[in-house]
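> What follows is a structure written as structure tokens; I'll ask about it next.
The values are calculated or read from the model by the stated rules, or taken from the named source; none is laboratory data. These figures come from a predicted structure and were not determined experimentally. Positions of Cβ are backbone-derived with ideal geometry, glycine not excepted, and every protein chain shown enters the neighbour counts.
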């Protein structure tokens, strides 16, 4: 397997709280991997640890074969990892076009080169509100803008933290189509998610985390067929 991301033995803390406990998983180039689990299981912390926003206490994070644990988030971003936080964090005073300009980076060899016009083909709603301020957009539109702004950095790997959280069902459906379109472009995507239906629509494989440790890894089809695992780790 051609791994774009390999995480092994990852431990992380918030103060004295031991949040991640030996987390490990691999991710193939071009695949969509869903990191699933209940609230507080460690999904978002894992994503932030990969991005360098939560410094790992132990373990390794390798991106395209090179260790990135211990690096600063801006260094990791420059290597080709794009991060879309759960909180969205668009620039509310800037227009759609200005938000996209903030994220623009030079083209990278071997990955799609994103322009504003190409993104507007992917997100038609954004194309119709180019001069609208980010703060005047709906939550779903802001989520789309955050993803589009991140794509302007031409990432090799996209990290999506809870992309369907708090969105209306019709917007969640649009989000699923967007992720599949990005996969068709050859982008590798790691997403944290609680919505099993959404994850099932977009992910090739799944890693389930519970109490800071990986409890199951396998194909989405294997998870769908395993009611005991779903009940044990995903049911509320």
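> Being within 19 Å of residue 115 (Cα to Cα) and either modelled with pLDDT of 95 or more or assigned to a loop (DSSP other than H, G, I, E, B) (or both) is true for just one of 129, 144. Which residue is that?
Within the list 129, 144, the selection yields 129.
> How about the stretch 122-148: which of its residues are closer than 21 Å to residue 183 by Cβ and surrounded by 15 or more Cβ atoms within 10 Å (Cβ to Cβ)?
The answer is 122, 123, 125, 126, 140, 143, 144, 145, 146, 147, 148.
> Could you check the stretch 1-41 and list, in sequence order, the residues that are out of contact with any helix residue (DSSP H, G or I) (no Cβ under 9 Å at 6 or more places or on another chain), assigned to a loop (DSSP other than H, G, I, E, B) and under 17 Å from residue 159 (Cβ atoms)?
Selection gives 29 alone.
> Hey, could you check the stretch 161-177 for residues that are part of a helix (DSSP H, G or I) and within 13 Å of the chain's Cα centre (by Cα) and say which is surrounded by the most Cβ atoms within 10 Å (Cβ to Cβ)?
So, considering only residues that are part of a helix (DSSP H, G or I) and within 13 Å of the chain's Cα centre (by Cα), the one surrounded by the most Cβ atoms within 10 Å (Cβ to Cβ) is 175.
> When residues of the stretch 195-236 are filtered for being assigned to a loop (DSSP other than H, G, I, E, B), surrounded by fewer than 18 Cβ atoms within 10 Å (Cβ to Cβ) and either on the phi > 0 side of the Ramachandran plot or in contact (Cβ under 8 Å) with a residue 60 or more places away in the chain (or both), how many remain?
Of the residues in the stretch 195-236, 3 are assigned to a loop (DSSP other than H, G, I, E, B), surrounded by fewer than 18 Cβ atoms within 10 Å (Cβ to Cβ) and either on the phi > 0 side of the Ramachandran plot or in contact (Cβ under 8 Å) with a residue 60 or more places away in the chain (or both).
> Also, I was wondering about something else. May I ask you to list the residues in the stretch 77-98 that are touching a helix residue (DSSP H, G or I) at 6+ places or on another chain (Cβ under 6 Å), without any contact (Cβ under 8 Å) to a residue 60 or more places away in the chain and under 18 Å from residue 161 (Cβ atoms)?
If the condition is that a residue be touching a helix residue (DSSP H, G or I) at 6+ places or on another chain (Cβ under 6 Å), without any contact (Cβ under 8 Å) to a residue 60 or more places away in the chain and under 18 Å from residue 161 (Cβ atoms), then 88, 90 are the ones that fit.
> While we're here: Among the listed residues 190, 119, identify the single one that is touching a strand residue (DSSP E or B) at 6+ places or on another chain (Cβ under 8 Å), modelled with pLDDT of 90 or more and buried (at least 19 other Cβ atoms within 10 Å of the Cβ).
190
> Same structure again: Looking at 153, 186, which is the one that is out of contact with any helix residue (DSSP H, G or I) (no Cβ under 9 Å at 6 or more places or on another chain), touching a residue at least 40 places away in the same chain (Cβ under 8 Å) and outside any helix (DSSP H, G or I)? Let's see the steps before the verdict.
Details: 153 fails: out of contact with any helix residue (DSSP H, G or I) (no Cβ under 9 Å at 6 or more places or on another chain).
Being out of contact with any helix residue (DSSP H, G or I) (no Cβ under 9 Å at 6 or more places or on another chain), touching a residue at least 40 places away in the same chain (Cβ under 8 Å) and outside any helix (DSSP H, G or I) holds for just one of 153, 186, which is 186.
> Among the residues of the stretch 131-146, are any under 17 Å from the mean Cα position of the chain (by Cα), without any contact (Cβ under 8 Å) to a residue 60 or more places away in the chain and over 23 Å from residue 92 (Cα atoms)?
no
> In addition: How many residues does the stretch 42-53 hold that are part of a loop (DSSP other than H, G, I, E, B) and surrounded by 20 or more Cβ atoms within 10 Å (Cβ to Cβ)?
2
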